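Written below as structure tokens is the structure these notes are about.
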Amino acid sequence: MDKVRIGVYDKELSYVTRLSVFMNKDGKSRWKVSGYTEKNIVKESLEKNKLDLIVSTDKEELLSIKENYPQLNCIYLSSEESKRYAEGGISLVFRYQNARVICEEIRKVVESLGMLAVKNKTCVVVYSPVSRCGKTTLLLDVISGIGGWLYVGMEDYGYLKDVDNDSADDFFYYVKERKADKVTEILQMSNGVVPSPFSFFDTRGLNRNDLEWFFEVFEKIPGYRGVVFDMGLGVMTDFSMLSAFDKVVVPYINDEISFGKKGHFEKVLRVCDMEDMLERIYFLDMKNEPHAYIRRLME
């Protein structure tokens, strides 16, 4: 289960701070809450796909946001207790009540929208700031040994030995177009391996929403207990994609240059306000029994 990314917007800083802090403490296992007092900062976060839900006391601003982002979930903190019905696709919660009650009502809305769905299958991505570290060979070896896992290639110029590298060239196109039947058909014929597409432009167009849609489809396909994405350095244009995965494995080589790149990667996470991602990142030393380590993560 991934954390829901919630933004609380109000012009009053003290109100935003109190509610955001309480929500983070009360629901730390289910959501991550950020506070906003300026509309332009909210807009920037939405443009960067950093929010799944907006909670605000400003009804007009929510209606404007909903018009520009119709798929975004919104909750209006209403000053009228009698008005609890959804309006304009926006859910309503009464503002003037105990913070714990507000959190509980927000939780009910979040659950009713299916934003806290529990996944039965594990989704892993292997993303390395160090090129030519041997991660693809490692993944295929481990997957063939434990069974029940799907390999999906997302490398810039991927090539797999003894595999028809053109067998699933339309896979990511079907994901983008939300063609569940076509995606399912490819997976059923894949023998557990979906090679990287011929053109890396197919993967560069992906975002977090595309991955989450695929995971919903994947949950319904029998025979698998997990999926691992082999992601190349140049294909990820939306850094928040990493937050869609249950586990992020970052292989590195034990030398000075590799350590420098590993540290750079951690700094970028912090700059992008994704420091909480470090909780689900597993750094893998490729020279210290990597097969055993990654097998433990996947079993």
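Computed from the coordinates by the stated procedures, all read-outs in this text should not be read as laboratory data. Here the structure is a predicted model, which means the values were calculated and not measured. Using ideal geometry, Cβ is built from the backbone for each residue, glycine included, and neighbour counts are taken over all protein chains shown.
At a glance:
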quantity: Dipole magnitude of the chain about its Cα centre (Cβ charges: Lys, Arg +1; Asp, Glu -1), debye to nearest 20; calculated: 780
quantity: Residue-span extension gain [Trp213 to Arg295] - 0.36 nm each, minus C-alpha spacing; calculated: 26.9 nm
quantity: Length added when fully stretched, Glu47-Thr237, from 0.36 nm per residue minus Cα-Cα; calculated: 67.1 nm
quantity: Sorted largest first, extent of the chain alpha carbons per principal axis (Å); calculated: 65, 46, 32
quantity: Relative intensity, log₁₀ I(q)/I(0), of segment 122-298 from a Debye sum that treats every alpha carbon as a point, q = 0.08, 0.10, 0.16 Å⁻¹; calculated: -0.23, -0.36, -0.97
quantity: Furthest towards positive pole of dipole, Met277, Thr203, Val227, structure part the chain, Cβ charges; calculated: Met277
quantity: Inter-label distance, nm, simple model (7 Å from Cα along the C-beta direction), Tyr96/Tyr15; calculated: 1.2
quantity: Axial C-alpha extent at least 18 Å, average Kyte-Doolittle at least -0.5 - helices from the chain (DSSP); calculated: 13-26, 99-112, 256-271
quantity: Structure-based [θ]222 nm, the chain - -39500 (n - 2.57) summed over DSSP H runs of at least 4, per residue, nearest 500; calculated: -11500 deg cm²/dmol
quantity: Cα-based convex hull, segment 4-112, per residue volume (Å³, whole number); calculated: 92
quantity: Estimated FRET transfer efficiency when R0 is 35 angstrom, pair Asn120-Ile257 (beta carbons, to 0.05); calculated: 0.30
quantity: For segment 4-112, share of DSSP beta bridges that run antiparallel, in % to the nearest 5; calculated: 5
quantity: Estimated distance in nm for a label pair at Lys182 and Arg204, the labels positioned 7 Å out from Cα along Cα-to-Cβ; calculated: 2.1
quantity: Cα centre as origin, Lys/Arg/Asp/Glu Cβ charges: segment 147-242 dipole, Debye; calculated: 240
quantity: Over 22 Å between alpha carbons, listed pairs Lys66/Lys108; Lys28/Lys50; Lys135/Lys247; Lys179/Lys220; Lys50/Lys220; calculated: Lys50/Lys220
quantity: For segment 149-158, 3J(HN,Hα) per residue [Karplus equation, 6.51 cos²θ - 1.76 cosθ + 1.60, θ = phi - 60°, Hz, x = Gly/Pro]; calculated: 10, 9, 9, 10, x, 9, 8, 4, 10, x
quantity: Debye, to nearest 20: dipole size of segment 122-298, +1 on Lys, Arg Cβ, -1 on Asp, Glu Cβ; calculated: 340
quantity: Residue (of His291, Phe218, Phe172) at the positive-pole extreme of the chain, dipole from beta-carbon charges; calculated: His291
